[in-house]
Each structure stands twice: as structure tokens, then as C-alpha cells.
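S.K.: The structure that follows is given in the form of C-alpha cells.
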Protein chains: 2
Amino acid sequence: MTRDIRQVSLPVRDMPTSWYNIIPDLPEPLSAPEGDMSAMGKVMIKECLDQEFSSENWIEIPEELQAIYQQIGRPRPLFRAANLEKLLDTPAEMYYKAEGLFSPTGSHKINTAIAQAYYGKRQGLERLVTETGAGQWGTALSCAARITGLEATVYWVRAVYKWKEARRDFMKLYGAEVFASPSGNTETGRKLLNEDAEHPGSLAIAISEGLEDALLDNKAAYVLGSVLNHVLLHQTIIGLECRKQLESIDRYPDVVVSCLGGGSNFGGIALPFLGDVLKSGRKTRFVAAQTEAAPNLQGEYRYDNADYSGITPRLKMYTLGHQKDMPPVFGDGLRYHGCSPILSLLRNKGYIETVAYPIDEKRVFESARTFLSEEGFLPAPESAYSVAAAIDEAEACKESGERKVILFNVSGHGFMDMEGYKRVLHL
Amino acid sequence: MTRDIRQVSLPVRDMPTSWYNIIPDLPEPLSAPEGDMSAMGKVMIKECLDQEFSSENWIEIPEELQAIYQQIGRPRPLFRAANLEKLLDTPAEMYYKAEGLFSPTGSHKINTAIAQAYYGKRQGLERLVTETGAGQWGTALSCAARITGLEATVYWVRAVYKWKEARRDFMKLYGAEVFASPSGNTETGRKLLNEDAEHPGSLAIAISEGLEDALLDNKAAYVLGSVLNHVLLHQTIIGLECRKQLESIDRYPDVVVSCLGGGSNFGGIALPFLGDVLKSGRKTRFVAAQTEAAPNLQGEYRYDNADYSGITPRLKMYTLGHQKDMPPVFGDGLRYHGCSPILSLLRNKGYIETVAYPIDEKRVFESARTFLSEEGFLPAPESAYSVAAAIDEAEACKESGERKVILFNVSGHGFMDMEGYKRVLHL
């Protein structure tokens, strides 16, 4: 009476109770930020600022927050893409973490949003301010703020704000205040709107606006959904769960694959396994799937700002330049000039590979359709890159005959992104 | 070190392996269908037809299908709506099953769609034909057909087809052929279009069209997503899981609440507990949440057709009349003239209560917003009725001081239904 394994569950009582901080295990110390830290010190949530520079290996998830993690559907299941394996005729085993479909806001972003909101509320704040690109982070922050009893203000890259009407309504339903960025609400925004009233915006610009807004309100904090160490820290719950789930069926990944913009979902699934590689010399490979619109891991490794205006301190990271123009893609969450300092360091040391897919996005949407047709689930455009890279890996295994274990993250669902599928695949 | 219980998981290995068939436990025999059965005998999947009239109490879920249930995210978690309880200041405990958010197509409909597709494929069919109202059933059937390697044709009530563009694209992405109903593809459709080229359609009309189509193709079957016994049978996996989950925390529901159109999600969560009531004399109450646009449980209990043209045999059920005009509502999945014969009999014997909410849907969308604000999850418009009725029950407990256990079903998510929220709540 054996059953095919298609889903590996993790009982609620086995949910990880600490996040994994890779900083003390890095092959060399992380370069400190450069420049004026005073703005960031002022607008960041204190607990997050502490976590940003912590040298503790494990940081406990407060019990109250563990309960909220349960509330938002954690632990999330790990699936085996058995139909997809069969279609590809690959000897590889393909496992994917369903972060998107099992999240209230549709992506992994809620994992850190709710942690930051929790700490912000505990600190006595009243409002959280942020930026968003694809909209997944803005939605997550809106939800997290609402659940914890805070207000939320979201600056949303105008090029995306304009067409993602349903997602905009979703944020408003959570009670958030949502601005198209550049907006008339800040100095940065007004300046850019003067140059071009239809300025499409960028993540870097939206960050500048949010920081400016938060700096003027001492009951507000500015929160980020990617790049920074504490954000990746919170996201490690993804990889920690995956490791437990794979252990329960006697598996360990040979390849870990995910899409990468700023690095939060990639870091989330990869860092616990990267830690294993650093500590034990395991041979696991790590593949970051990017867009040719913003292949930041193929940029320069140097100090650069996280935002457009240069309000933030400069971080040592792979960057395309903080004022770089990047063509629009449906996978807008990947359209960011820089990569997380932790992941950049690991990339620089040779631990992370990268692949970038063409701007027309045909390949990635076709891959997502194949995945949907076999497994049933609809990936977000960003997650379609992850699926494409996982398929590439599985096909390479077919060539080589290797029975590898491929682990990939489907970080978001695509229910609110049908427009991209429609246009690229001509539905 | 006690943790708040916010989520009750069920390990994959504990997923129910049989469906519960209430027919042998009913207080009196179910009245047989009346009229010509030849059309139904011809177009229905044989295994489903057998199950329709089975007198076995338990029907085994084939192992291969159990694996597919895993693939589509079963078992699904049960959540405790602790924040909502606190807001309502109720002594009641509120538990909800998350059928929508954890389903690849967004609702409970996939539970029977995949079972029917599985049996259809095994029988050697090539195509499944169906109708859809809100679109959840059509999407589920499209997904199920694609996963099992069948074609799908969907007749979709025109009034809904027109504005749910994203859901339409979603069905097409699964490879389904989708018609606005009435369509030019059938005799029934052409006749109605001649009378009114912009005819808004209805579920009953769409069923007639689908039946006509399937009758002309001996490699096709017509499949239904509600009303019939075998559909409710497949959906009992919802209630069977809930019962195990509640047992694991020493709870049993005092009230089971869900929305009701044809009865599939209501039956799915309620029938296992209704069986307990019939067999053991437990006092659990069952509340069906309906729309005043189609309060079929307040109609007449008599024989009537399931479709508009009278192709189907007549079923003994609560009905508003099979050619009844019903005003449009966003919770379109509830806009059907008749209720499942099994549930109708139980209603007639006094086991099921009903509440109908006004056509303007303000109350139900406000309830859904309250639920979203506290719990984070976005219900489908239909499920908003379930939420509203659960809140009513919790508020009654506040009045009476009773610490009841309320179990309700959030049968679908609302990611593709923001338009309803936007218009009714003026976002």
C-alpha cells in the first residue's frame, strides 16, 4: 500500500522556531555599509536594525509571531512535481515549495512583512511606509500592518501601479494608502514629475519617496521587502522548512533554484543550504534566475546606493548602478539594480550561479504554462523564472543521466497577473 | 511553552482514503429522479453514475487519485479565527477550513473535478463538457482535464463571462475551450440569442447547452459541479478532514456554516457531521447562507429540472422553478434555482436552517472585509456569505454567552473577484 509522494507536509508543531543568520558563517566578514547611517537609524524598526548586524547564528522567532505564522498558513507544503518530471523524461527529482499559493497575499513577502510589523507594533509605532514594484511586497505589508493594527503607506512604481488595478484594490481593502510613484507627495517625486509627468518610476525612486515620507513622521518606520540582511533572515524560514521536509523523506538538494531580484525569496530558500555548504563542504549548487532587463548579478561588485536619490547608505553589492534605466517586464519584482550584500558576497566567492532570460519573457511564461499544465498551479511572473531555471536543470539531468534532487521556490501565485500571461502567450 | 492554536494541520498520511456516502443513513429513502434518464445515462461518466445511486456508506478513493489529491494541496489546513473572535468579543470558537486559498484553481470545486476527470480518463473519454456560473467550477474542470490529459469545453453564463476576463484567460491557459452562454454553438443557445442577442444567460441554460454538445460526441461526457449526489460525495473529503482536525484538538462543532447555491461546498463540509447527527442524535446545527437573489431553500419542495430546457430528469428538491429569472449578484455561484436532493431532503426534515442576505451584498462584503482585516485571507464573493453567517452565529453566542464551536467553510478565494469588492465597498 505505498502511495506516491506528491506532497511533503510539515506538522504545525514542527515549524522552525528560530531564523538562521548566515552572517557568522560567511567566508569573510560582510563589508559594512558606507556613508551616512543617520537616516536609516532614524526610520528603521529598532529590532530589525539590531538583526541587520547581528552575529548570532540563530534568532528566535517570538512565540506570538510563531502564532501569526500559523495564522498565515505556515508551515507551507513542499510538493514533488512528479507529472512535470514525467513530461520532461528526466531522471531528476523536482521538489517545489509553494510559497505563493499558500500565502494570504500571494507570495513569500508576508514572511518578513509580518515580522517587521510585529516588531514595529511592539516598539509603539503607528505607521509603516514602504515601496513596491510588482506589488507583492506592498500587498504583504498592507496585510501585515492591518493584522497587527498599524497603518500602511505604499509607494508603488507607476508603470506597474497603472495596470495592476485588482492588486491596488486589494491593498486598499487592507486599508493601506497607496501612491503611484513618483508621486506629488515627496520632494523626490515632485522633481521627477516636473521632468516627466508620466514618469514610469522605479523601485529605487519609490524607496527614496518612502524614506522621505517616513523621515518626517516620528511614529512611522520605513520598511524594506528585500536586499537587507534582516529581510533575508526572516525569509530563511522557507529553506529551514524545506530542509526538514526533505530530511523527512531522506533527501537533500543537489541544486537549489529560485528567481532573484533583490534576493529575498532566493535567500530565503537558499541560505540554510548555503550555510551547510560553508560549514560542511557539501557540493550543492545554487542557481539564481534573472531577467536580462536587470541581470544585477552580472553587474559590478562595488559599493552602491539601494535607492535612486542616494538617501540610503551605500552597500557592497552586485549592481547595475542605482540610477540605471531598466526596460519594463511582467516579472517586475526582478527589475532592481542591486542584489543583497549577503548573496553578492557569496556570488563573488563562487557559490551562486546565475542565468538571465530574455526580455520578451516568452521562455519563462511558456515554462510556467508547462508547469501549470502538469502540476495545476499558476506561478507569478517572477516565479515563472524560477520554474524555467528548474526545467533547465532537469533537462540537463536528462542529458547527463544524473538523478539529482532539484529544489525550487514558487514564491508567488499569478491569480492577479493574468495580463502578463495573456499578452506574452497571446491567449 | 504553550503556543496559541491558530492552525490545525493534518499530515498527508492521515488524509481520508474514502468518501462518505450519506444516502444509506438518510431518514427516508431519497426519491428517485423522474422522467427520461436516457440522455443522462449516455452523457455521464459511468463510475459517477454508479456512485450517484450507490448504497455503500464508504466509497474508496482510488490510490492514484489520492496521489492527485496530494498534488492539489490536500489535506488543507483548518484555521482558528482567533483575531476575529477577539474583535467580535464572542465566547465562541471559530474554525474555518481554507478550501479556496490552498486550491490550485481557487476553490473546493477541484475536489470533484479531479475525481470526475480521473474516472473519465480511465473510461477512455477524450473530452469533458460543462457549464459554469461564477467561473470557479469551469476553472476547476479545465485544470482537472488538463492534468489528466483530457480536453475541456466550458459554457459560461454570459453575464459573468463578460466581466471576469482574468478567469477566462485562466481557463484558456489550461487549454480549455470557453463559450459565453447562450452561445451560437447549440440549438438552445441559438434560440435564446435570437430572442435577445445580449441574453445574460443562467446556469440552467448553460447546462442545457453543455448537455446538447456532449450528446453529439461519443468521446465526451457531461460533468456537473454541484447538486448531484456523486458531486457531494467527492466533496465530503472537506468535512472528513475537518472532523479529524477538530478531533485532534478535542473539539466537535456545535454549528456548521457554509454558503449554498447547488450545495456542493455546503454538503462537502456538512454531510459527515450530518451523518453523525442522524446516527448518534448529536445536536449540531447546520446553517446554509444564501442570497435573496436565489433563496432556493425557501422555495417549494417538489420535482423540477436541473436545467433550463428540461433535458435533465426531474429531481425532488427545493426549487424556485427551473426557468426562474434571478437578479445578478457578485456571488454568482449561489445564483441557482435548485438545491441538491440530499440536502433538500435533510432541509425538509428540519436538519438544515437557512439565512438569505440582501441582493446589494453590502453586508456580506463588509463581513468579508472584517474577516480579511483580522485573519488576512480574501474570501471569494460566495464564501463571503459563509463568513457573514459565521459572524452572525458568533454574535448570537455573545448575546447568549454560549461557548459554541463554530465551523465554517471558506470555499473559495477572491483574488480574481476584486471587482465585486471594489464596486460594493466603493474602494
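S.K.: Going by amide H atoms built from the backbone, whose H comes under 5 Å of the H on A:Thr312, apart from near neighbours?
M.R.: Result for A:Thr312 returns A:Ala306, A:Asp307.
S.K.: Is the C-alpha gyration tensor of region A:190-264 telling us rounded, prolate or oblate? Criteria: a/c under 1.5 is rounded; beyond that, a/b larger than b/c is prolate, otherwise oblate.
M.R.: Because a/c hits 1.5 or more and a/b fails to exceed b/c, region A:190-264 counts as oblate.
S.K.: If you average the sequence gap of Cα pairs under 8 Å that are 6 or more apart and divide by the length of chain B, what percent do you get for the contact order? Intermediate values should be presented prior to the final figure.
M.R.: Numbers: 965 pairs, mean separation 86.3, N = 427.
Across chain B, relative contact order equals 20 percent.
S.K.: Let me ask you something else. I'd like to check one number: the per residue accessible area of region B:183-280, probe 1.4 Å, reported in Å² as a whole number.
M.R.: On the way: 2930 Å² over 98 residues.
The answer is 30 Å² per residue.
S.K.: Now, a different point. Between copies, how far apart are the A:Asp14 label points? List them in nm, one decimal, shortest first, with each point 7 Å from Cα toward Cβ, please?
M.R.: For A:Asp14, the inter-copy label distances come out at 1.3 nm.
S.K.: State the Cα centre-to-centre distance between region B:190-266 and region A:354-427 in whole Å.
M.R.: When both Cα centres are located, 32 Å separates them.
S.K.: How high is the relative contact order of region B:92-149, in percent, counting Cα pairs under 8 Å that sit 6 or more residues apart?
M.R.: After rounding, I find 38 percent.
S.K.: How much of the DSSP bridge set in chain A is antiparallel, in percent, rounded to the nearest 5? Walk me through the numbers on the way to the answer.
M.R.: Details: 18 of 51 bridges.
Around 35 percent antiparallel, to the nearest 5.
S.K.: About the Cα centre, and with charges only on the beta carbon of Lys, Arg (+1) and Asp, Glu (-1), how big is the dipole of chain A? Nearest 20 debye, please.
M.R.: Values: 46 positive and 56 negative charges, 126 e Å.
That gives a dipole near 600 debye.
S.K.: Could you identify which residue out of B:Gly281, B:Gly100, B:Gly338 has the top mean-square fluctuation in a GNM of chain B using Cα springs shorter than 10 Å?
M.R.: Sorting by GNM fluctuation, first place goes to B:Gly281.
S.K.: Separate question: So who's got an amide H within less than 5 Å of the one on A:Ala98, skipping anything under 5 residues away but keeping other chains? H placed 1.01 Å off N, in plane.
M.R.: A:Phe79
S.K.: Report P(r) for region B:7-125: all Cα-Cα distances, bin width 10 Å, range 0 to the bin holding the largest distance, values in whole percent.
M.R.: 11, 30, 31, 20, 7, 1
S.K.: Output the relative contact order of region B:14-106, whole-number percent, from Cα pairs under 8 angstrom with separation of 6+ residues. Display every interim value, and only then the final one.
M.R.: Details: 69 pairs, mean separation 26.2, N = 93.
RCO, region B:14-106: 28 percent.
S.K.: Using the Cα gyration tensor of the protein assembly as shown, with a ≥ b ≥ c the square roots of its eigenvalues, what is the shape: rounded (a/c below 1.5), prolate (a/b larger than b/c) or oblate (neither)? Could you put the intermediate results ahead of the total?
M.R.: Working: a/c = 1.71, a/b = 1.63, b/c = 1.05.
It comes out prolate by the Cα gyration axes.
S.K.: Can you give the average number of partner chain beta-carbon atoms within 10 Å of each beta-carbon in peptide B:65-71, as a whole number?
M.R.: Working: counts 0, 3, 7, 5, 2, 11, 12.
What the average comes to for B:65-71 is 6.
S.K.: Let me ask you something else. If you count, for every residue in A:144-151, the Cβ atoms of partner chains within 10 Å of its Cβ, what is the mean? Please report the intermediate quantities before stating the final value.
M.R.: On the way: counts 1, 0, 4, 6, 1, 2, 0, 0.
The mean count of partner-chain Cβ atoms within 10 Å per residue comes to 2.
S.K.: Between B:Arg423 and B:Lys398, how high is the FRET efficiency from 1/(1 + (r/R0)^6) when r is the Cβ-Cβ distance and R₀ = 51 Å? Nearest 0.05.
M.R.: Numbers: r = 31 Å, r/R0 = 0.61.
Here the calculated transfer efficiency is 0.95.
S.K.: Hey, another quick one. Tell me the total accessible area that A and B bury against each other, 1.4 angstrom probe, in square angstrom rounded to 100.
M.R.: Values: alone 16260 and 16240 Å², together 27570 Å².
Answer for the A-B pair: about 4900 Å² buried.
S.K.: For region B:387-427, state which residues have at least 30 Å² less accessible area in the presence of all protein chains than in their chain by itself, taking the probe as 1.4 Å and leaving out ligands, DNA and RNA.
M.R.: B:Phe415, B:Met416, B:Met418, B:Lys422, B:Leu427
S.K.: Label-to-label distances across copies for B:Leu425, with labels 7 Å out along Cα→Cβ, in nm, shortest first?
M.R.: In nanometres, ordered from closest: 2.9.
S.K.: Still on this model: Would you jot down the residues in region A:354-386 that end up with at least 50 Å² less accessible area in the complete protein assembly than in the chain alone, with a 1.4 Å probe?
M.R.: Residues of region A:354-386 that lose at least 50 Å² of accessible area once the other chains are added: A:Leu372, A:Ser373, A:Gly376.
S.K.: For chain B, set up a GNM with springs between Cα atoms under 10 Å and report which of B:Phe330, B:Phe408, B:Phe53 has the largest fluctuation.
M.R.: B:Phe53
S.K.: Please check: in the Gaussian network model of chain B (C-alpha springs, under 10 Å), which one of B:Gly149, B:Gly412, B:Gly225 has the largest mean-square fluctuation.
M.R.: Evaluated over chain B, the most mobile residue of the options is B:Gly149.
S.K.: Along the charge dipole of the protein assembly as shown, which of B:Ala306, B:Phe170, A:Met317 sits closest to the positive end, that is, farthest toward it, with unit charges on the beta carbon of Lys, Arg, Asp and Glu (+1, +1, -1, -1)?
M.R.: A:Met317
S.K.: On to the next question. Taking the highest mean first, how do the peptides A:135-141, A:300-306, A:342-348, B:24-30 order by number of other beta carbon atoms within 10 angstrom per residue?
M.R.: On the way: A:135-141: 31.9, A:300-306: 19.1, A:342-348: 23.4, B:24-30: 12.7.
In decreasing order of mean packing, A:135-141, A:300-306, A:342-348, B:24-30 become A:135-141, A:342-348, A:300-306, B:24-30.
S.K.: Report the residue of chain B with the smallest Cβ-to-axis distance, using the rotation axis that brings B onto A, in whole Å.
M.R.: B:Phe415, 2
S.K.: About its Cα centre, what dipole magnitude does the protein assembly as shown give when the only charges are +1 on Lys and Arg Cβ and -1 on Asp and Glu Cβ, stated in debye to the nearest 20?
M.R.: Dipole size: approximately 720 debye.
S.K.: A follow-up question, please. Show me the ranking of peptides A:150-156, A:261-267, B:182-188 by mean Cβ neighbours inside 10 Å, starting with the highest. Don't skip to the end; give the middle numbers.
M.R.: Numbers: A:150-156: 25.3, A:261-267: 30.9, B:182-188: 19.7.
Peptide ranking by packing, descending: A:261-267, A:150-156, B:182-188.
S.K.: List the distances, in nm to one decimal, from the label point of B:Ser31 to the label points of the same position in every other copy, shortest first, placing each label point 7 Å from Cα along the Cα-to-Cβ direction.
M.R.: Output for B:Ser31: 8.1 nm, nearest copy listed first.
S.K.: Also, quick follow-up: Collect residues whose amide H, placed 1.01 Å from N in the peptide plane, falls under 5 Å from the amide H of B:Val405; neighbours closer than 5 in sequence don't count.
M.R.: B:Glu93, B:Asp254, B:Val255
S.K.: DSSP beta bridges in the protein assembly as shown, what fraction antiparallel, as a percent rounded to 5? Numbers along the way, then the final one.
M.R.: Details: 36 of 102 bridges.
The antiparallel fraction comes to roughly 35 percent.
S.K.: Here's another thing I want to ask about it. Please turn the phi angles of region B:7-12 into ³J(HN,Hα) values with the Karplus equation 6.51 cos²θ - 1.76 cosθ + 1.60 (θ = phi - 60°), one per residue in order, whole Hz, x for glycine and proline.
M.R.: Values, residue by residue: 9, 10, 8, 10, x, 3 Hz.
S.K.: When the Karplus curve 6.51 cos²θ - 1.76 cosθ + 1.60 is applied with θ = phi - 60°, which whole-Hz ³J(HN,Hα) does each residue of region B:393-409 get, with x for Gly and Pro?
M.R.: 5, 5, 6, 4, 5, 5, 4, 8, x, 7, 8, 7, 9, 9, 10, 9, 10
S.K.: Which of A:Lys109/A:Lys283; A:Lys86/A:Lys164; B:Lys86/B:Lys164; B:Lys398/B:Lys422; A:Lys219/B:Lys422; A:Lys46/A:Lys109 have a Cα-Cα distance over 24 Å?
M.R.: A:Lys109/A:Lys283; A:Lys86/A:Lys164; B:Lys86/B:Lys164; B:Lys398/B:Lys422; A:Lys219/B:Lys422, as the Cα separations exceed 24 Å there.
S.K.: Which of rounded, prolate, oblate describes region A:312-392, given a ≥ b ≥ c as roots of the alpha-carbon gyration tensor eigenvalues and a/c under 1.5 marking rounded, otherwise prolate only if a/b is larger than b/c?
M.R.: Values: a/c = 2.68, a/b = 1.74, b/c = 1.54.
In terms of gyration-tensor shape, prolate.
S.K.: Here's another thing I want to ask about it. Largest first and to the nearest Å, give the Cα extent of chain B along each principal axis.
M.R.: So the three principal-axis extents are 63, 49, 40 Å.
S.K.: Please list 3J(HN,Hα) in residue order for region B:209-216, calculated via the Karplus relation 6.51 cos²θ - 1.76 cosθ + 1.60 where θ = phi - 60°; whole Hz, with x for glycine and proline.
M.R.: 5, x, 4, 4, 4, 5, 5, 8
S.K.: In region A:77-132, what GluC sites (Glu not before Pro) fall in a loop by DSSP, with at most 16 other Cβ atoms inside 10 Å? Please list the in-between numbers first.
M.R.: Working: sites: A:Glu85, A:Glu93, A:Glu99, A:Glu126, A:Glu131; in loops: A:Glu99, A:Glu126.
Loop-located and lightly packed - A:Glu126.
S.K.: Leaving out ligands, DNA and RNA, what percent of the accessible area of chain A is carbon and sulfur, probe 1.4 Å? Each step should come with its number before you reach the end.
M.R.: On the way: 6270 of 13800 Å².
With neighbouring chains kept in place, the figure for chain A is 45 percent.
S.K.: Hey, another quick one. At 222 nm, what value in deg cm²/dmol follows for chain A if DSSP H runs of at least 4 each add -39500 (n - 2.57) and the sum is divided by all its residues, to the nearest 500? Provide the component values of the computation, followed by the final result.
M.R.: Numbers: 16 runs with 177 residues, N = 427.
So the calculated ellipticity at 222 nm is -12500 deg cm²/dmol.
The values are calculated or read from the model by the stated rules, or taken from the named source; none is laboratory data. Bear in mind that the values here come from a model prediction, so they are computed numbers and not experimental data. Every residue, glycine among them, receives a Cβ derived from its backbone with ideal geometry; neighbour counts consider all protein chains shown. SASA here: full protein model, heavy atoms, side chains in, ligands and nucleic acids out. Shrake-Rupley method; radii C 1.70, N 1.55, O 1.52, S 1.80 Å.
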